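Asks: Just dropping this structure here.
The values are calculated or read from the model by the stated rules, or taken from the named source; none is laboratory data. Keep in mind it's a predicted model, so treat the numbers as computed, not measured. Note that we place each Cβ from the backbone using ideal geometry, even for glycine, and neighbour counts take in every protein chain shown. Note: accessible area is taken over every heavy atom of the protein model, side chains too, but ligands, DNA and RNA are not part of it. Shrake-Rupley method; radii C 1.70, N 1.55, O 1.52, S 1.80 Å.
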Amino acid sequence: MSTAVPSRPGKIIAVHVAYESRSAQRGKRPAAPSYFLKASSSVAPSGATIERPAGTKLLAFEGEIAVVIGSPAHRVTAHEAWDHVAGVTASNDFGLYDLKTPDKGSNVRSKSRDGYTPLGPNLIPAAEVDPQELTIRTWVNGSLVQDDGTGPDQLIFPLTQIIADLSQHFTLESGDVILTGTPAGSTVVAPGDVVEVEVTGASSASGEQLSSGRLRTEVVEGPGDFDAALGSTPAVTEALAADAWGSREEAGLPPEDDGSLPAGLREKLEKAPTAGLSAQLRARGLNNVVIDGVRPLKPGTTLVGVAKTLRFVPNREDLFKSHGGGYNAQKRAFDSLKPGEVIVIEARGESGSGTLGDILALRAKSLGAAGVVTDGGVRDASEVAGILPVFATAKNPAVLGRKHVPWESDVAVACGNATVLPGDVIVGDDDGVIVIPRDLAEDVVDAALEKETEDGWVADQVAAGNPVDGLFPPTGEWKAKFEEWKSSR
(Lines give C-alpha, C1' and ligand atoms only; values in the text may rest on other atoms or scores of the structure.)
Protein backbone atom coordinates (compact mmCIF):
# COMPACT_ATOMS: atom_id res chain seq x y z
CA MET A 1 0.00 0.00 0.00
CA SER A 2 1.15 3.53 -0.77
CA THR A 3 1.99 5.74 2.20
CA ALA A 4 1.77 9.00 0.23
CA VAL A 5 -1.15 11.39 -0.08
CA PRO A 6 -2.45 11.02 -3.66
CA SER A 7 -2.02 14.07 -5.88
CA ARG A 8 -4.37 12.86 -8.63
CA PRO A 9 -6.81 10.21 -7.30
CA GLY A 10 -8.73 8.08 -9.74
CA LYS A 11 -11.97 8.96 -7.94
CA ILE A 12 -12.98 11.41 -5.24
CA ILE A 13 -16.28 10.48 -3.57
CA ALA A 14 -17.74 12.84 -1.00
CA VAL A 15 -20.45 12.18 1.60
CA HIS A 16 -23.22 14.77 1.86
CA VAL A 17 -23.98 14.58 5.63
CA ALA A 18 -22.35 12.13 8.04
CA TYR A 19 -21.97 13.97 11.38
CA GLU A 20 -24.67 14.24 14.03
CA SER A 21 -23.61 17.83 14.76
CA ARG A 22 -24.01 18.85 11.11
CA SER A 23 -27.36 17.08 10.92
CA ALA A 24 -28.62 18.87 14.02
CA GLN A 25 -27.42 22.22 12.68
CA ARG A 26 -29.35 21.70 9.45
CA GLY A 27 -32.41 20.14 11.08
CA LYS A 28 -32.38 17.06 8.86
CA ARG A 29 -30.94 13.62 9.54
CA PRO A 30 -30.37 11.27 6.60
CA ALA A 31 -31.53 7.68 6.93
CA ALA A 32 -28.69 6.43 4.72
CA PRO A 33 -25.47 7.95 3.38
CA SER A 34 -25.57 9.78 0.04
CA TYR A 35 -22.69 10.90 -2.14
CA PHE A 36 -21.40 13.11 -4.92
CA LEU A 37 -18.22 13.07 -7.04
CA LYS A 38 -15.49 15.67 -7.25
CA ALA A 39 -13.03 16.05 -10.11
CA SER A 40 -9.55 14.69 -9.39
CA SER A 41 -8.16 17.93 -10.86
CA SER A 42 -9.58 19.78 -7.82
CA VAL A 43 -6.88 18.28 -5.55
CA ALA A 44 -4.31 20.71 -4.14
CA PRO A 45 -1.45 20.25 -1.65
CA SER A 46 -1.02 21.92 1.71
CA GLY A 47 0.15 25.50 1.34
CA ALA A 48 -1.73 26.10 -1.91
CA THR A 49 -4.12 28.96 -2.48
CA ILE A 50 -7.79 28.70 -3.41
CA GLU A 51 -9.52 31.24 -5.63
CA ARG A 52 -12.84 32.83 -4.84
CA PRO A 53 -13.96 34.25 -8.20
CA ALA A 54 -14.44 38.00 -8.26
CA GLY A 55 -18.08 38.91 -7.79
CA THR A 56 -18.94 35.79 -5.78
CA LYS A 57 -19.65 35.77 -2.05
CA LEU A 58 -20.24 32.29 -0.72
CA LEU A 59 -17.02 30.27 -0.64
CA ALA A 60 -17.40 27.85 2.29
CA PHE A 61 -14.85 25.48 3.81
CA GLU A 62 -15.63 21.99 5.14
CA GLY A 63 -12.89 20.36 7.17
CA GLU A 64 -13.07 16.60 6.63
CA ILE A 65 -11.29 13.30 7.18
CA ALA A 66 -10.14 11.90 3.85
CA VAL A 67 -9.97 8.11 3.60
CA VAL A 68 -7.41 6.90 1.05
CA ILE A 69 -8.03 3.44 -0.40
CA GLY A 70 -4.99 1.15 -0.34
CA SER A 71 -6.17 -2.03 -2.05
CA PRO A 72 -9.19 -2.58 -4.34
CA ALA A 73 -12.46 -3.04 -2.47
CA HIS A 74 -15.48 -4.61 -4.16
CA ARG A 75 -18.47 -5.88 -2.19
CA VAL A 76 -16.58 -5.88 1.09
CA THR A 77 -18.34 -5.96 4.45
CA ALA A 78 -18.06 -3.21 7.03
CA HIS A 79 -15.95 -5.63 9.09
CA GLU A 80 -13.50 -6.02 6.18
CA ALA A 81 -13.55 -2.41 4.97
CA TRP A 82 -10.71 -0.95 7.05
CA ASP A 83 -8.30 -3.61 5.73
CA HIS A 84 -8.61 -1.95 2.30
CA VAL A 85 -7.62 1.51 3.57
CA ALA A 86 -4.08 2.83 3.21
CA GLY A 87 -4.61 5.70 5.59
CA VAL A 88 -6.39 8.91 6.48
CA THR A 89 -5.44 12.53 6.06
CA ALA A 90 -6.90 16.01 6.34
CA SER A 91 -9.03 17.44 3.56
CA ASN A 92 -11.07 20.54 2.87
CA ASP A 93 -14.18 20.10 0.77
CA PHE A 94 -14.48 23.70 -0.42
CA GLY A 95 -17.66 24.73 -2.21
CA LEU A 96 -18.77 27.87 -4.02
CA TYR A 97 -22.43 28.15 -3.05
CA ASP A 98 -23.01 30.83 -5.68
CA LEU A 99 -22.97 27.95 -8.22
CA LYS A 100 -25.03 25.38 -6.29
CA THR A 101 -28.39 26.23 -7.85
CA PRO A 102 -27.37 25.44 -11.45
CA ASP A 103 -25.60 22.30 -10.20
CA LYS A 104 -28.97 20.93 -8.96
CA GLY A 105 -27.30 18.78 -6.31
CA SER A 106 -24.45 17.39 -8.42
CA ASN A 107 -21.88 19.88 -7.03
CA VAL A 108 -19.95 19.58 -10.31
CA ARG A 109 -19.21 23.27 -10.72
CA SER A 110 -19.55 24.41 -7.14
CA LYS A 111 -17.09 21.88 -5.68
CA SER A 112 -14.86 20.66 -8.52
CA ARG A 113 -13.06 23.89 -9.35
CA ASP A 114 -9.26 23.74 -9.44
CA GLY A 115 -7.84 23.70 -5.92
CA TYR A 116 -11.18 23.01 -4.22
CA THR A 117 -10.01 19.72 -2.63
CA PRO A 118 -6.83 20.34 -0.61
CA LEU A 119 -5.40 17.10 0.83
CA GLY A 120 -2.58 16.31 3.25
CA PRO A 121 0.03 17.00 4.19
CA ASN A 122 0.70 13.52 5.68
CA LEU A 123 -1.03 10.14 5.63
CA ILE A 124 -1.80 8.44 8.94
CA PRO A 125 -1.54 4.65 8.35
CA ALA A 126 -4.94 3.01 8.73
CA ALA A 127 -3.45 -0.06 10.39
CA GLU A 128 -2.23 2.10 13.27
CA VAL A 129 -5.50 3.81 14.25
CA ASP A 130 -9.05 2.90 15.21
CA PRO A 131 -11.54 4.32 12.67
CA GLN A 132 -13.90 5.18 15.56
CA GLU A 133 -11.29 7.20 17.46
CA LEU A 134 -10.18 9.87 15.03
CA THR A 135 -10.50 13.63 15.56
CA ILE A 136 -11.02 16.37 12.98
CA ARG A 137 -10.24 20.02 13.77
CA THR A 138 -10.42 23.15 11.63
CA TRP A 139 -9.02 26.63 12.27
CA VAL A 140 -9.78 29.89 10.44
CA ASN A 141 -7.16 32.59 10.93
CA GLY A 142 -5.92 30.69 13.97
CA SER A 143 -9.32 30.30 15.70
CA LEU A 144 -10.69 26.79 16.24
CA VAL A 145 -14.06 26.50 14.46
CA GLN A 146 -14.57 22.73 14.11
CA ASP A 147 -13.71 20.02 16.63
CA ASP A 148 -15.40 16.62 16.31
CA GLY A 149 -14.67 12.92 16.13
CA THR A 150 -15.65 9.61 14.61
CA GLY A 151 -17.16 7.95 17.68
CA PRO A 152 -20.57 6.20 17.59
CA ASP A 153 -22.33 9.26 19.05
CA GLN A 154 -20.59 11.65 16.63
CA LEU A 155 -20.86 10.02 13.21
CA ILE A 156 -24.24 9.01 11.82
CA PHE A 157 -22.52 6.54 9.50
CA PRO A 158 -19.25 4.88 10.61
CA LEU A 159 -16.33 5.19 8.21
CA THR A 160 -16.37 1.44 7.63
CA GLN A 161 -20.06 1.54 6.66
CA ILE A 162 -19.39 4.27 4.10
CA ILE A 163 -16.57 2.23 2.52
CA ALA A 164 -18.63 -0.98 2.46
CA ASP A 165 -21.67 0.82 1.03
CA LEU A 166 -19.71 2.38 -1.81
CA SER A 167 -18.01 -0.93 -2.57
CA GLN A 168 -21.32 -2.66 -3.21
CA HIS A 169 -21.97 -0.26 -6.10
CA PHE A 170 -18.52 0.04 -7.71
CA THR A 171 -14.93 -0.97 -7.11
CA LEU A 172 -12.91 1.33 -4.92
CA GLU A 173 -9.40 1.33 -6.38
CA SER A 174 -6.01 2.04 -4.89
CA GLY A 175 -5.55 5.77 -4.46
CA ASP A 176 -9.26 6.62 -4.52
CA VAL A 177 -10.24 9.20 -1.92
CA ILE A 178 -13.43 9.34 0.16
CA LEU A 179 -14.27 12.66 1.82
CA THR A 180 -16.29 11.57 4.84
CA GLY A 181 -18.41 14.64 5.61
CA THR A 182 -17.93 17.71 7.75
CA PRO A 183 -19.09 18.42 11.32
CA ALA A 184 -20.91 21.57 12.40
CA GLY A 185 -18.95 24.81 12.11
CA SER A 186 -18.51 25.07 8.35
CA THR A 187 -18.98 28.66 7.19
CA VAL A 188 -17.95 31.28 4.63
CA VAL A 189 -14.40 32.54 4.11
CA ALA A 190 -13.09 35.45 2.06
CA PRO A 191 -9.85 36.47 0.32
CA GLY A 192 -7.14 36.88 2.93
CA ASP A 193 -8.49 34.15 5.22
CA VAL A 194 -6.35 31.12 6.05
CA VAL A 195 -8.02 27.77 6.75
CA GLU A 196 -6.16 24.89 8.44
CA VAL A 197 -7.40 21.33 8.95
CA GLU A 198 -5.83 18.52 11.00
CA VAL A 199 -6.74 14.89 11.60
CA THR A 200 -5.36 13.07 14.65
CA GLY A 201 -5.64 9.62 16.19
CA ALA A 202 -3.87 7.61 18.84
CA SER A 203 -1.56 4.83 17.70
CA SER A 204 -3.10 1.50 18.65
CA ALA A 205 0.38 0.11 19.27
CA SER A 206 2.11 2.86 21.27
CA GLY A 207 -0.65 5.27 22.25
CA GLU A 208 1.34 8.03 20.57
CA GLN A 209 -0.77 10.78 18.99
CA LEU A 210 -0.50 10.53 15.21
CA SER A 211 -1.25 13.57 13.06
CA SER A 212 -1.84 14.39 9.42
CA GLY A 213 -0.16 17.72 10.05
CA ARG A 214 -2.03 20.92 9.39
CA LEU A 215 -3.46 21.29 5.90
CA ARG A 216 -3.08 25.01 5.15
CA THR A 217 -5.05 26.87 2.46
CA GLU A 218 -5.14 30.62 1.85
CA VAL A 219 -8.09 32.21 0.09
CA VAL A 220 -7.30 34.65 -2.72
CA GLU A 221 -9.47 36.49 -5.23
CA GLY A 222 -9.55 34.98 -8.71
CA PRO A 223 -11.04 36.03 -12.02
CA GLY A 224 -14.83 36.14 -12.20
CA ASP A 225 -15.41 36.55 -15.90
CA PHE A 226 -18.16 33.92 -16.31
CA ASP A 227 -19.59 33.79 -19.84
CA ALA A 228 -23.39 33.63 -19.66
CA ALA A 229 -23.49 32.54 -23.28
CA LEU A 230 -21.79 29.28 -22.29
CA GLY A 231 -23.87 28.33 -19.28
CA SER A 232 -25.22 29.28 -15.87
CA THR A 233 -23.54 32.04 -13.92
CA PRO A 234 -23.33 32.59 -10.15
CA ALA A 235 -26.53 33.46 -8.31
CA VAL A 236 -27.23 33.85 -4.60
CA THR A 237 -30.47 33.26 -2.71
CA GLU A 238 -31.23 33.65 0.99
CA ALA A 239 -31.43 29.86 1.35
CA LEU A 240 -27.98 29.41 -0.21
CA ALA A 241 -26.52 32.15 1.98
CA ALA A 242 -27.94 30.54 5.12
CA ASP A 243 -26.56 27.13 4.10
CA ALA A 244 -23.13 28.52 3.30
CA TRP A 245 -22.82 30.55 6.50
CA GLY A 246 -24.41 27.87 8.68
CA SER A 247 -27.47 29.89 9.74
CA ARG A 248 -29.57 32.88 8.73
CA GLU A 249 -28.22 34.81 11.69
CA GLU A 250 -24.59 34.26 10.66
CA ALA A 251 -25.51 35.27 7.10
CA GLY A 252 -26.94 38.55 8.39
CA LEU A 253 -30.47 37.63 7.29
CA PRO A 254 -33.67 38.36 9.21
CA PRO A 255 -35.23 35.37 10.99
CA GLU A 256 -37.64 33.30 8.95
CA ASP A 257 -41.28 33.21 9.93
CA ASP A 258 -40.99 30.41 12.46
CA GLY A 259 -44.71 29.85 12.74
CA SER A 260 -44.84 31.15 16.30
CA LEU A 261 -48.06 32.70 17.54
CA PRO A 262 -48.39 36.50 17.56
CA ALA A 263 -48.56 37.79 21.13
CA GLY A 264 -52.12 39.02 20.73
CA LEU A 265 -53.41 35.69 19.46
CA ARG A 266 -51.58 33.81 22.21
CA GLU A 267 -53.13 36.04 24.88
CA LYS A 268 -56.62 35.39 23.54
CA LEU A 269 -56.02 31.63 23.37
CA GLU A 270 -54.80 31.65 26.96
CA LYS A 271 -58.15 33.13 28.02
CA ALA A 272 -60.33 30.75 26.01
CA PRO A 273 -61.38 27.40 27.55
CA THR A 274 -60.93 24.28 25.46
CA ALA A 275 -64.64 23.55 25.81
CA GLY A 276 -65.51 26.81 24.11
CA LEU A 277 -62.88 26.39 21.43
CA SER A 278 -64.09 22.85 20.77
CA ALA A 279 -67.66 24.08 20.33
CA GLN A 280 -66.55 26.68 17.80
CA LEU A 281 -64.57 24.09 15.84
CA ARG A 282 -67.61 21.82 15.82
CA ALA A 283 -69.71 24.69 14.47
CA ARG A 284 -67.24 24.83 11.59
CA GLY A 285 -67.54 21.11 10.87
CA LEU A 286 -64.45 19.95 12.78
CA ASN A 287 -65.38 17.25 15.30
CA ASN A 288 -62.16 15.21 15.46
CA VAL A 289 -59.91 17.76 17.11
CA VAL A 290 -59.75 16.46 20.70
CA ILE A 291 -56.64 14.56 21.79
CA ASP A 292 -58.34 11.77 23.72
CA GLY A 293 -57.23 10.61 27.14
CA VAL A 294 -54.58 13.19 27.99
CA ARG A 295 -54.69 15.17 31.20
CA PRO A 296 -52.27 17.63 32.81
CA LEU A 297 -49.73 16.10 35.18
CA LYS A 298 -50.43 19.10 37.41
CA PRO A 299 -54.13 20.06 37.77
CA GLY A 300 -54.83 23.64 36.83
CA THR A 301 -52.18 23.65 34.12
CA THR A 302 -52.94 25.48 30.88
CA LEU A 303 -51.11 25.12 27.58
CA VAL A 304 -50.96 27.19 24.39
CA GLY A 305 -48.44 26.71 21.59
CA VAL A 306 -47.58 25.54 18.09
CA ALA A 307 -47.17 21.83 17.41
CA LYS A 308 -43.81 20.20 16.77
CA THR A 309 -44.43 16.52 16.24
CA LEU A 310 -42.57 13.36 17.24
CA ARG A 311 -43.54 9.82 16.29
CA PHE A 312 -42.70 6.56 18.03
CA VAL A 313 -43.24 3.13 16.48
CA PRO A 314 -43.78 -0.11 18.46
CA ASN A 315 -40.58 -1.52 19.91
CA ARG A 316 -38.72 -4.07 17.83
CA GLU A 317 -35.33 -5.03 19.18
CA ASP A 318 -33.36 -4.68 15.94
CA LEU A 319 -34.94 -1.30 15.22
CA PHE A 320 -34.30 -0.02 18.72
CA LYS A 321 -30.68 -1.05 18.31
CA SER A 322 -30.37 1.01 15.12
CA HIS A 323 -32.66 3.94 16.04
CA GLY A 324 -33.00 3.99 19.82
CA GLY A 325 -29.52 4.79 21.02
CA GLY A 326 -27.21 7.73 20.54
CA TYR A 327 -28.56 10.99 19.20
CA ASN A 328 -31.91 9.51 18.24
CA ALA A 329 -35.04 11.11 16.79
CA GLN A 330 -36.43 11.89 20.26
CA LYS A 331 -33.30 13.73 21.40
CA ARG A 332 -33.00 15.58 18.09
CA ALA A 333 -36.64 16.69 18.32
CA PHE A 334 -36.22 18.06 21.83
CA ASP A 335 -32.90 19.71 20.91
CA SER A 336 -34.51 21.53 17.96
CA LEU A 337 -37.53 22.96 19.81
CA LYS A 338 -38.24 26.64 19.27
CA PRO A 339 -39.78 29.08 21.75
CA GLY A 340 -43.54 28.62 22.01
CA GLU A 341 -43.61 25.15 20.48
CA VAL A 342 -45.46 22.19 21.99
CA ILE A 343 -43.92 18.81 21.26
CA VAL A 344 -46.79 16.44 20.42
CA ILE A 345 -45.83 12.76 20.71
CA GLU A 346 -47.54 9.88 18.95
CA ALA A 347 -47.18 6.89 21.27
CA ARG A 348 -50.23 5.00 19.94
CA GLY A 349 -52.00 5.32 23.31
CA GLU A 350 -49.42 2.92 24.75
CA SER A 351 -48.79 3.95 28.34
CA GLY A 352 -46.62 0.98 29.27
CA SER A 353 -43.43 3.06 29.37
CA GLY A 354 -42.35 6.66 29.58
CA THR A 355 -42.08 8.84 26.48
CA LEU A 356 -40.04 11.55 28.23
CA GLY A 357 -38.54 12.25 31.61
CA ASP A 358 -37.08 15.12 33.60
CA ILE A 359 -33.93 15.62 31.46
CA LEU A 360 -35.85 16.16 28.24
CA ALA A 361 -38.40 18.30 30.08
CA LEU A 362 -35.55 20.51 31.30
CA ARG A 363 -34.16 20.74 27.77
CA ALA A 364 -37.59 21.76 26.44
CA LYS A 365 -37.94 24.42 29.12
CA SER A 366 -34.45 25.81 28.45
CA LEU A 367 -35.37 26.30 24.79
CA GLY A 368 -38.57 28.14 25.65
CA ALA A 369 -40.98 25.38 24.66
CA ALA A 370 -44.60 25.81 25.73
CA GLY A 371 -45.03 22.19 26.82
CA VAL A 372 -45.51 18.56 25.84
CA VAL A 373 -48.52 16.46 24.87
CA THR A 374 -48.13 12.67 24.71
CA ASP A 375 -50.66 9.89 24.42
CA GLY A 376 -48.16 7.71 26.28
CA GLY A 377 -46.64 7.72 29.74
CA VAL A 378 -44.25 10.08 31.53
CA ARG A 379 -41.30 9.11 33.72
CA ASP A 380 -40.15 11.24 36.67
CA ALA A 381 -43.70 12.58 36.64
CA SER A 382 -43.56 14.68 39.79
CA GLU A 383 -40.35 16.39 38.66
CA VAL A 384 -41.64 16.88 35.12
CA ALA A 385 -44.87 18.42 36.41
CA GLY A 386 -42.86 21.14 38.11
CA ILE A 387 -40.76 21.92 35.03
CA LEU A 388 -43.27 22.75 32.28
CA PRO A 389 -46.85 21.97 31.20
CA VAL A 390 -47.15 18.30 30.24
CA PHE A 391 -50.34 16.48 29.27
CA ALA A 392 -50.17 12.68 29.21
CA THR A 393 -52.28 9.55 29.57
CA ALA A 394 -50.32 7.98 32.44
CA LYS A 395 -47.26 7.95 34.65
CA ASN A 396 -44.83 5.09 34.15
CA PRO A 397 -41.29 4.48 35.44
CA ALA A 398 -40.19 2.27 32.53
CA VAL A 399 -37.72 3.53 29.93
CA LEU A 400 -38.67 4.26 26.34
CA GLY A 401 -37.27 1.03 24.89
CA ARG A 402 -39.76 -1.15 26.76
CA LYS A 403 -42.51 -0.22 24.32
CA HIS A 404 -41.29 2.34 21.76
CA VAL A 405 -38.69 3.15 19.11
CA PRO A 406 -38.16 6.89 18.45
CA TRP A 407 -38.67 7.12 14.70
CA GLU A 408 -39.17 10.56 13.16
CA SER A 409 -40.22 14.14 13.81
CA ASP A 410 -41.90 17.01 11.99
CA VAL A 411 -44.44 14.75 10.28
CA ALA A 412 -48.19 14.26 10.65
CA VAL A 413 -48.87 12.22 13.79
CA ALA A 414 -51.87 10.55 15.40
CA CYS A 415 -51.90 11.56 19.06
CA GLY A 416 -54.88 10.40 21.11
CA ASN A 417 -56.87 9.61 17.96
CA ALA A 418 -56.40 13.15 16.65
CA THR A 419 -54.32 14.03 13.61
CA VAL A 420 -51.76 16.72 14.43
CA LEU A 421 -49.70 18.51 11.79
CA PRO A 422 -46.55 20.53 12.48
CA GLY A 423 -47.69 24.12 12.97
CA ASP A 424 -51.16 23.31 14.29
CA VAL A 425 -52.25 25.32 17.32
CA ILE A 426 -52.43 23.30 20.55
CA VAL A 427 -54.52 24.42 23.53
CA GLY A 428 -54.88 22.51 26.80
CA ASP A 429 -56.54 22.91 30.19
CA ASP A 430 -58.11 20.63 32.81
CA ASP A 431 -60.72 19.46 30.29
CA GLY A 432 -58.04 18.15 27.92
CA VAL A 433 -56.23 19.20 24.76
CA ILE A 434 -57.58 20.31 21.38
CA VAL A 435 -55.99 20.90 17.97
CA ILE A 436 -56.83 24.01 15.95
CA PRO A 437 -55.80 24.41 12.30
CA ARG A 438 -53.56 27.47 12.20
CA ASP A 439 -55.62 29.32 9.58
CA LEU A 440 -58.74 29.06 11.77
CA ALA A 441 -57.18 30.01 15.10
CA GLU A 442 -57.98 33.75 15.09
CA ASP A 443 -61.58 33.29 13.98
CA VAL A 444 -62.20 30.40 16.38
CA VAL A 445 -60.76 32.09 19.47
CA ASP A 446 -62.63 35.36 18.81
CA ALA A 447 -65.90 33.46 18.53
CA ALA A 448 -65.10 31.37 21.61
CA LEU A 449 -64.34 34.43 23.74
CA GLU A 450 -67.53 36.12 22.57
CA LYS A 451 -69.50 33.01 23.51
CA GLU A 452 -67.66 32.88 26.84
CA THR A 453 -68.91 36.39 27.58
CA GLU A 454 -72.45 35.32 26.77
CA ASP A 455 -72.18 32.17 28.89
CA GLY A 456 -70.88 34.21 31.82
CA TRP A 457 -73.92 36.50 31.64
CA VAL A 458 -76.25 33.49 31.36
CA ALA A 459 -74.60 31.90 34.40
CA ASP A 460 -75.25 35.03 36.42
CA GLN A 461 -78.95 34.95 35.45
CA VAL A 462 -79.29 31.26 36.33
CA ALA A 463 -77.51 31.86 39.65
CA ALA A 464 -80.11 34.56 40.35
CA GLY A 465 -82.84 31.90 40.12
CA ASN A 466 -84.01 32.21 36.50
CA PRO A 467 -84.99 29.05 34.58
CA VAL A 468 -82.84 27.99 31.60
CA ASP A 469 -85.73 27.87 29.11
CA GLY A 470 -85.12 30.63 26.59
CA LEU A 471 -82.04 31.71 28.55
CA PHE A 472 -79.56 28.99 27.66
CA PRO A 473 -78.88 29.99 24.97
CA PRO A 474 -80.64 33.37 25.18
CA THR A 475 -83.51 33.88 22.74
CA GLY A 476 -86.33 36.38 22.45
CA GLU A 477 -86.59 38.65 25.45
CA TRP A 478 -83.48 37.17 27.04
CA LYS A 479 -81.50 37.76 23.87
CA ALA A 480 -82.57 41.41 23.86
CA LYS A 481 -81.55 41.76 27.52
CA PHE A 482 -78.16 40.25 26.80
CA GLU A 483 -77.55 42.57 23.84
CA GLU A 484 -78.53 45.55 25.97
CA TRP A 485 -76.18 44.44 28.74
CA LYS A 486 -73.36 43.88 26.27
CA SER A 487 -73.75 47.31 24.65
CA SER A 488 -73.68 48.99 28.04
CA ARG A 489 -70.31 47.49 29.00
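Asks: Out of every Cα-Cα pair in the range 207-308, what percent are more than 17 Å apart?
Replies: 78 percent
Asks: Here's a follow-up. Among the listed pairs Lys451/Lys486; Lys11/Lys38; Lys11/Lys111; Lys271/Lys365; Lys298/Lys365, which have their C-alpha atoms separated by more than 18 angstrom in this model?
Replies: Values: Lys451/Lys486 12 Å; Lys11/Lys38 8 Å; Lys11/Lys111 14 Å; Lys271/Lys365 22 Å; Lys298/Lys365 16 Å.
Pairs exceeding 18 Å: Lys271/Lys365.
Asks: Treating the beta-carbon of each Lys and Arg as +1 and of each Asp and Glu as -1, no other charges, what is the dipole magnitude of the range 12-251 about its Cα centre, to the nearest 20 debye?
Replies: Working: 17 positive and 31 negative charges, 114 e Å.
For this selection, approximately 540 debye.
Asks: Looking at the range 12-251 only, what percent of DSSP beta bridges run antiparallel? Nearest 5 please.
Replies: Counting DSSP beta bridges with both partners in the range 12-251, the antiparallel share is about 80 percent.
Asks: With all protein chains present and a 1.4 Å probe, how do Lys11, Lys57 order by accessible area, largest first?
Replies: Details: Lys11 50, Lys57 135 Å².
These residues rank, largest area first, as Lys57, Lys11.
Asks: For the chain, what does the relative contact order come out to in percent, with C-alpha contacts under 8 Å and a separation of six or more?
Replies: 15 percent
Asks: Let me ask something additional. Using a 1.4 angstrom probe on heavy atoms only, work out the carbon and sulfur share of the accessible area of the chain in %.
Replies: Carbon-and-sulfur percentage of accessible area, whole number: 50.
Asks: Ok, one more. Specify the angular offset, from 0 to 90 degrees and rounded to the nearest 10, of the alpha carbon long axis of helix 441-463 from the longest principal axis of the alpha carbons in the chain.
Replies: Relative to the chain, helix 441-463 is tipped by roughly 30 degrees.
Asks: Ok, one more. Given the whole protein assembly as supplied and a 1.4 Å probe, what does the accessible area of Asp165 come to in Å², nearest 10?
Replies: For Asp165, solvent-accessible area is about 30 Å².
Asks: I want the antiparallel fraction of DSSP beta bridges within the chain, as a percent rounded to 5.
Replies: 75 percent
Asks: With the other protein chains left in place, how much accessible area per residue, in square angstrom, belongs to the chain at a 1.4 angstrom probe?
Replies: Using a 1.4 Å probe on heavy atoms only, each residue of the chain averages 45 Å².
Asks: OK, next. Quick one: order Ser42, Ser322 from most to least accessible surface, probe 1.4 Å.
Replies: Ser322, Ser42
Asks: Now a separate question. Given a 1.4 Å probe and heavy atoms of the protein chains only, how would you sort Lys451, Lys298, Lys321, Lys268, largest accessible area at the top?
Replies: Working: Lys451 75, Lys298 115, Lys321 180, Lys268 50 Å².
Highest to lowest solvent-accessible surface, that is Lys321, Lys298, Lys451, Lys268.
Asks: Okay, moving on. Considering the values (1) 22.3, 74; (2) 28.9, 98; (3) 27.6, 91, which represents Rg and Dmax of the Cα atoms in Å as calculated for the structure under consideration?
Replies: (2)
Asks: I'd like the orientation of helix 274-283 relative to the chain: the angle between its Cα long axis and the longest Cα principal axis, in ° from 0 to 90, rounded to 10.
Replies: 90 degrees
Asks: Moving to a separate point now. For the chain, take the longest principal axis of its alpha carbons; what is the angle in degrees between that and the long axis of helix 476-488, to the nearest 10 within 0 to 90?
Replies: Between the helix axis and the principal axis of the chain, the angle is about 60 degrees.
Asks: Tell me the mean residue ellipticity at 222 nm calculated for the chain from its helices only (DSSP H runs of n ≥ 4, each -39500 (n - 2.57), averaged over every residue, nearest 500).
Replies: On the way: 14 runs with 119 residues, N = 489.
After summing the helix terms and dividing by the residues of the chain, the value is -6500 deg cm²/dmol.
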